[in-house]
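A short write-up of the structure that comes next.
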Amino acid sequence: MRITGFLFQRFFKVLCFGFLFMLGCTSSDDGAPGPSVFHYNQINNITSLDPAFAKSQNHIWAVDHLYNGLVQLDEQLNIRPAIAKRWEISDSGRVYTFILRDDVYFHDDPLFTNGKGRKVKADDFEYSFNRIISDKVASPGSWIFKGRVEEDVPFKALNDSTFQIRIQTAFRPILGILTMQYCSVVPREVVEHYGRDFRSHPIGTGPFKYKDWIENQTLFLVKNDNYFESNVLPKTDAIRISFINDRKTAYLNLMNQKLDLISGLESSYVNELITIDGDLQEDKKDIIELHKSPYLNTEYLGINLELANSEDHPLNKKAFRQALNYGFDRAKMMETLRNNIGRPADAGFTPRGLPSYDPNVVKGYYYDPAKARTLLTEAGYPNGEGLEPIALFTNKDYQDLCTFIARQWEDLGIKTNIEVVESSTLRQMMVKGQVNLFRASWIADYPDAESFFTVFYSGNPAPPNYTRFSNENFDQLYEAALAENNDSIRYEYYHKMDQILIEESPVIFLFYDETSLFTQTYIKGISKNAINLLTVKGISKH
């Protein structure tokens, strides 16, 4: 069979990838260890290595290996310096001034003088941030700045090492937004030279550099020996990312030591790996390790308060909504259906993992069928008398969970019909306000509880306010929190907002999600964080 030039190049790349990966598992002739390659799998393919398009987890992980921003998060989601070594916030809360490090360099590229990466300057951030909001670029991340920054001069390089962001009104969560991968710095000359092809010619400042990419198959990155964070210089020589889209196949590759890490679970093998208590099965502990962490995702059932806005509709009655919240066993639900991966949502809408989460201050719902029956009577439906069946809309992935809840509600006399629709169809119905009761979730866009409370601010449409919730006290607290720079005071506002949501019950609180990473036992230094970010610079193989 004759091999065309294109097929030969593709075959050669695959051969090189295989050879480089094998190097990570062998030693040199003199007995010294060979290059260390960290090999993990992504279920979904990536389409771009341009941070302006780092919208989904698979893209965010890859971009994070290659780039840096002004600030970054530690494992507890506290904001720490990155390229900015310090910053100041004006008294008005509208001007943020960042002082940059002077030892950060872009990766080497032929477009730089002598092919050596040049130093990052403040005008690189001015260019990078203006690019995010440019209509020509059409970045899915444009929302992070639009409507928040000043229209005339939102970003300004005062000199090579001083950069300013100017916002329209005080908005303390802006620092959390700046940790998003959209806010990575890129070099103008490289971006403008490659144009749209910058997606596959990435040049950043990150701990790893681009080596090669066979789309839909493998991405290969190598260690950046000039990385500026000397205390966390990469401990592995390279990263290999595979794109095996079948979770079962990826799981088998992990068990056969062909992968160092996989993420997530699937019903086809969950019971092989996880006990009913959410721990790794005993017979797997010598082979792999489980790394669990809170995940900034709250699962809930939403109530459309506008569609239910009539005196005789049960969902319009607060006592009935509270009865629904008391009327099912979250802990049993998590044990039975999720192998205890995740925790019952018993402290409001703010999930575990955020610094403001405090179950000692915010007391939410728990299983209390007697109290639920009392509230049903208060709402005018003793033992469910006079109630028409309620329709609960969900997608097929959550049908089991909704069925569990419905059966427990039926024990109270609340009949519930489960309506299963496609995810995209359900989302449109939620946007248009066509469903009374629906299963939904909210994942933080950035690590601040404001990202969750925005779901209930009356000034917001659907999305994110799918429940059409409107409460004057809640809105006042929300607006006060946006302008407050003192975290302790801001958290007090957040706690009060959560208590309002618990009292008014525009949602049925379900559970706070958790991440699950599975690695070989010889992998050390896995970072646990609630934004499910895989930070490879601290990972080593022993």
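The values are calculated or read from the model by the stated rules, or taken from the named source; none is laboratory data. Since we're looking at a predicted model, the values are computed, not measured. So basically every Cβ, Gly included, is an ideal-geometry build from the backbone, and we count neighbours across all protein chains shown.
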TODO: Check LEU387, LEU426 and return the single one that is touching a Pro at 6+ places or on another chain (Cβ under 7 Å), of a type in the set (A, V, I, L, M) and either over 30 Å from SER293 (Cα atoms) or in the same structural domain as GLU503 (by TED's automatic domain parsing) (or both).
DONE: LEU387
Task: Condition met for VAL71 (under 14 Å from ILE165 (Cα atoms) and either without any contact (Cβ under 8 Å) to a residue 12 or more places away in the chain or touching a Leu at 6+ places or on another chain (Cβ under 6 Å) (or both)) - done: yes
- [ ] Take the residues in the stretch 514-536 that are in a loop (DSSP other than H, G, I, E, B) and of a type outside the set (A, V, I, L, M, F, W, C), then tell me which one is nearest to ALA62 (Cα to Cα).
- [x] THR535
Task: Test set (1) closer than 15 Å to GLN181 by Cβ; (2) modelled with pLDDT under 95; (3) surrounded by 15 or more Cβ atoms within 10 Å (Cβ to Cβ) - VAL63 fails condition number - done: (2)
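Residue-by-condition table, conditions (1) farther than 26 Å from THR454 by Cα; (2) buried (at least 21 other Cβ atoms within 10 Å of the Cβ); (3) touching an Asp or Glu at 6+ places or on another chain (Cβ under 9 Å):
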| residue | (1), (2), (3) |
| --- | --- |
| GLY141 | no, yes, no |
| GLY147 | no, no, no |
| ILE177 | no, yes, yes |
| HIS201 | yes, no, yes |
| TYR210 | yes, yes, no |
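Being more than 30 Å from PRO35 (Cβ to Cβ) and under 24 Å from the mean Cα position of the chain (by Cα) is the requirement here; does ALA530 meet it?
Numbers: more than 30 Å from PRO35 (Cβ to Cβ): yes; under 24 Å from the mean Cα position of the chain (by Cα): yes.
Against the criterion (more than 30 Å from PRO35 (Cβ to Cβ) and under 24 Å from the mean Cα position of the chain (by Cα)), ALA530 qualifies.
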- [ ] Return only the number of the condition from (1) crowded, with 17+ Cβ neighbours inside 10 Å; (2) at pLDDT below 95 that SER92 does not satisfy.
- [x] (1)
Open item on the list: If GLU306 meets every condition in (1) of a type outside the set (A, V, I, L, M, F, W, C); (2) part of a loop (DSSP other than H, G, I, E, B); (3) outside the structural domain of ASP346 (by TED's automatic domain parsing) apart from one, which number is that one?
Closed with: (3)
TODO: Considering every residue within the stretch 292-303, establish whether at least one is hydrophobic (A, V, I, L, M, F, W, C), surrounded by fewer than 20 Cβ atoms within 10 Å (Cβ to Cβ) and not in a loop (DSSP other than H, G, I, E, B).
DONE: no
Task: Test: PRO81 is crowded, with 19+ Cβ neighbours inside 10 Å and at pLDDT 95 or above - done: no
Open item on the list: Quick check on the stretch 275-282. Is at least one of its residues touching a residue at least 60 places away in the same chain (Cβ under 8 Å), over 28 Å from GLY364 (Cβ atoms) and not assigned by TED's automatic domain parsing to the domain that holds TRP442?
Closed with: no
- [ ] Report yes if VAL435 is aliphatic (A, V, I, L, M), in contact with a helix residue (DSSP H, G or I) (Cβ under 8 Å, 6 or more places away or on another chain) and buried (at least 17 other Cβ atoms within 10 Å of the Cβ), otherwise no.
- [x] yes
